[in-house]
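Asker: Below you'll find the structure I mean.
The values are calculated or read from the model by the stated rules, or taken from the named source; none is laboratory data. Treat the numbers as computed from the prediction; the structure is a model and nothing was measured. Glycine gets a Cβ as well: all are built from the backbone with ideal geometry, and neighbour counts include every protein chain shown.
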Amino acid sequence: MKVYIETFGCQMNVADSERAASGLRRAGYELTDSADTADVVLLNTCSVRERAERKVYTRIGELRAETVDRHKPFIGVMGCVAQLEGASIFRSSSDVDMIVGTRATDRIPVMIERLQKGERGLIDLNERAENEIWDVSPVERHSPHVAFVPIIEGCNKFCSFCIVPYSRGREKSRTADELVAEVKRLKEFGYKEVHLIGQNVNSYRPKTTRGLDQVSGATPFSRLLRAIAETGMPRIKFTTSFPRDFHPDIVSAIEEYPNLCDWVHLPVQSGSDRILKAMRRGYTSLDYRRQVERIKTANRRLALTSDIIVGFPGETEKDFEETLQLVKDCEFDSLYIFKYSKRAGTPAASLNDCVPEPIKTERFLRLERAQRDKQDRIFQGYVGRTLTVLAEKPSTRSAADLVGHSSCHKVVNFPGDSALEGQILDVTITAAKTNSLYGQRAEVVH
Ligand code: SAM
C-alpha cells in the first residue's frame, strides 16, 4: 500500500511526519509524494490559529474532488487538530476514516491494517508507549543536509492564548545520551546541521542526567547544548526558546562553541506588562529586555528573532505602542507577527474584550512597517560581509542559483550548481532583499 503524508504547521509536525513515515516504511508500506497515487492520505494538521485549523477541511474537500474518478484513498487526520477535535472530525467530514492524535504516530501502521480489514471510524488519542524511541530514518528526513531533532515534546506553560498544552500534552524531554547518539549518527550520515526543536527547548528537563554528566552548565539545556556541540556536528541551531526559562548560560555556551549557531528565536508576544500578565507569560518587558541585552552583548553578533501577537483581548492603543517601542528597541533580525486568534478551550477564549478586526489589521501593518525599517537596515549591514552558508538546494527563483541559510539563519541565494549542495561555503553578500540576502561564493571552507 502507498501512503502519502501532507504536513501543515511547525517543525514539530515535520518531525512527526518523518517519524510516521519511518514507522510506515519499516512496517512494509511504500511512501509516495503525491495524493493521486496513494491508497492512504494522512493530513498532519496544525491548530495554533483558526486559519491553520480550517485548512484541513478545505484540503479534505479538495482530496474528495481530486479522487472522484478513482478508488478513494483512506483519509487519516493526524496532529494537533486530530488531538483536539477527536471524534467530532468524523461528524464534520464523512470522508475521514481515522484520527491519529499527536502521540499516536507510531501506531499508524496498525491502524491502517485495521482499515484494510474493514474497520472504520478509528481513533487513537492516547499517550506514547513508554518503550517508544524517536527513530527517524535518513530517507524520510525533509532534507539530506539539515535534520530536525526533537528534544522536548509538549508544553507546561499554559499561556492564556495558546492551544499547544492541550494539543501536545505536558513537557517530556528525551534523555541527553539518546540525543547525543542521534546527533553523532546524523553526523556520520553526512548531515551538516541539526535543529534541536521543541515548543520550549530551553525548558528541557530530562528524567535522568545520563549523557550530561561530563558537561557543565547552569541548566540542563545549556549542558545539553555543550554536549551536542562536543559531537562536532558542524552547525547546531535550536528553536523555540521561552523567555522565562532563558538562562544567560545559553549565550555563554554559544560563545564557547562556534558550531552553536549565531541565532536565537525568543518570542516576546507583547511589549506591554499588562498584556504579558493577561497572556500569563511569566515575565515583564524589562525581564525580556535584560535577556536581549545579554544576547546583544555576546562575543560575536547573534541574530535575534521573535513572535508578536497583536490584538490580544483588551489590548489598548497604549499597550500596542509599548509593543511598537519594544520592537524598535530590540532590533529583531526578523519578526513573525500574528493577529490574535481565539482558540476554544484556552483561558483567553472567555475574555470578551475583543479588539475589532480593522484595529488588529491596522496594528499588524504598523508593527510590520516598524520592523521593516529596522530589518532593512540590519540586512543592508550584511552587504560586503562574508557569511558561512550551508548550500541546501536549488533556488526556486533561478536555476543558476542555490539557496541555503547562514549561521545567523538568514536565507542566502548565490550562484552555484548542484555539486555544491551540502557544503558549507563562504558567501560574500552583494545585495539585501526584503527577507533574504544575495551573494557570491568566496571559497569552500569545509
Ligand atoms: N512556545 C513558543 C512560545 O510560547 O513562545 C511558541 C509556540 S507557537 C507554536 C508559535 C507562535 O504562534 C507563538 O509564539 C505565537 O506568537 C503564535 N500564536 C500562538 N497562539 C496564538 C493565537 N491564539 N493567536 C495568534 N497567534 C498565536
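Asker: With the structure loaded, tell me whether GLY28 is surrounded by fewer than 20 Cβ atoms within 10 Å (Cβ to Cβ), within 13 Å of ILE108 (Cα to Cα) and not hydroxyl-bearing (Ser, Thr, Tyr) or whether it fails that test.
Answerer: Judged against the criteria, GLY28 is a match.
Asker: I'd like to know if region 272-294 contains one or more residues that are away from the ligand (no atom under 16 Å from the Cβ), among the β-branched types (Val, Ile, Thr), out of contact with any Phe, Trp or Tyr (no Cβ under 7 Å at 6 or more places or on another chain) and at pLDDT 95 or above. Working first, answer last.
Answerer: Our first condition is that a residue be away from the ligand (no atom under 16 Å from the Cβ); within region 272-294, this holds for 273-274, 286, 289-290, 293-294.
Still in the list and also among the β-branched types (Val, Ile, Thr): none.
No; the residues of region 272-294 include none that is away from the ligand (no atom under 16 Å from the Cβ), among the β-branched types (Val, Ile, Thr), out of contact with any Phe, Trp or Tyr (no Cβ under 7 Å at 6 or more places or on another chain) and at pLDDT 95 or above.
Asker: Please find, within region 79-128, the residue that is farthest from ARG170 (Cα to Cα) out of those that are surrounded by fewer than 20 Cβ atoms within 10 Å (Cβ to Cβ) and of a type in the set (Val, Ile, Thr).
Answerer: So the residue we want is VAL110.
Asker: Condition test on SER160, is it within 16 Å of the ligand (Cβ to nearest atom) and surrounded by fewer than 20 Cβ atoms within 10 Å (Cβ to Cβ)?
Answerer: On the way: within 16 Å of the ligand (Cβ to nearest atom): yes; surrounded by fewer than 20 Cβ atoms within 10 Å (Cβ to Cβ): yes.
Answer is yes for this residue.
Asker: Can I ask one more? Is it the case that region 38-45 has a residue that's touching a residue at least 24 places away in the same chain (Cβ under 8 Å) and assigned to a helix (DSSP H, G or I)?
Answerer: No, that holds for no residue.
Asker: Output the residue which, of all residues in region 188-234 that are closer than 30 Å to LYS393 by Cβ and of a type in the set (D, E, K, R), is nearest to the chain's Cα centre (by Cα).
Answerer: Ranking the candidates gives GLU193 first.
Asker: Working only within region 407-446, note down all residues that are within 19 Å of ARG377 (Cβ to Cβ), in contact with a Leu (Cβ under 6 Å, 6 or more places away or on another chain) and without any contact (Cβ under 8 Å) to a residue 40 or more places away in the chain.
Answerer: Answer for region 407-446, where residues must be within 19 Å of ARG377 (Cβ to Cβ), in contact with a Leu (Cβ under 6 Å, 6 or more places away or on another chain) and without any contact (Cβ under 8 Å) to a residue 40 or more places away in the chain: just VAL412.
Residue by residue, here is whether (1) touching a Leu at 6+ places or on another chain (Cβ under 6 Å); (2) aliphatic (A, V, I, L, M); (3) more than 13 Å from the ligand (Cβ to nearest atom) holds:
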{"residue": "THR316", "(1), (2), (3)": "no, no, yes"}
{"residue": "PHE320", "(1), (2), (3)": "no, no, yes"}
{"residue": "LEU326", "(1), (2), (3)": "no, yes, yes"}
{"residue": "LYS339", "(1), (2), (3)": "no, no, no"}
{"residue": "THR346", "(1), (2), (3)": "no, no, no"}
{"residue": "LEU365", "(1), (2), (3)": "no, yes, yes"}
{"residue": "GLN371", "(1), (2), (3)": "yes, no, yes"}
{"residue": "GLN380", "(1), (2), (3)": "no, no, yes"}
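Asker: Looking at ILE236, ILE254, ILE228, can you tell me which residue is in a strand (DSSP E or B), more than 14 Å from the ligand (Cβ to nearest atom) and closer than 19 Å to VAL215 by Cβ?
Answerer: After ruling out the rest, the residue left standing is ILE236.
Asker: Hey, could you check region 358-385 for residues that are of a type in the set (Asp, Glu) and touching a residue at least 24 places away in the same chain (Cβ under 8 Å) and say which is farthest from GLN83 (Cα to Cα)?
Answerer: ASP376
Asker: For region 1-12, which residues satisfy the criterion of being modelled with pLDDT of 95 or more and either in contact with a Phe, Trp or Tyr (Cβ under 7 Å, 6 or more places away or on another chain) or among the polar types (S, T, N, Q) (or both)?
Answerer: Scanning region 1-12 gives VAL3, THR7.
Results for (1) more than 22 Å from THR67 (Cβ to Cβ); (2) without any contact (Cβ under 8 Å) to a residue 12 or more places away in the chain; (3) basic (Lys, Arg), shown as yes or no for each residue.
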| position | (1), (2), (3) |
| --- | --- |
| ASP97 | no, no, no |
| ILE108 | no, no, no |
| GLU113 | no, yes, no |
| LYS117 | no, yes, yes |
| LEU125 | yes, no, no |
| ARG128 | yes, no, yes |
| VAL136 | yes, no, no |
| VAL139 | yes, no, no |
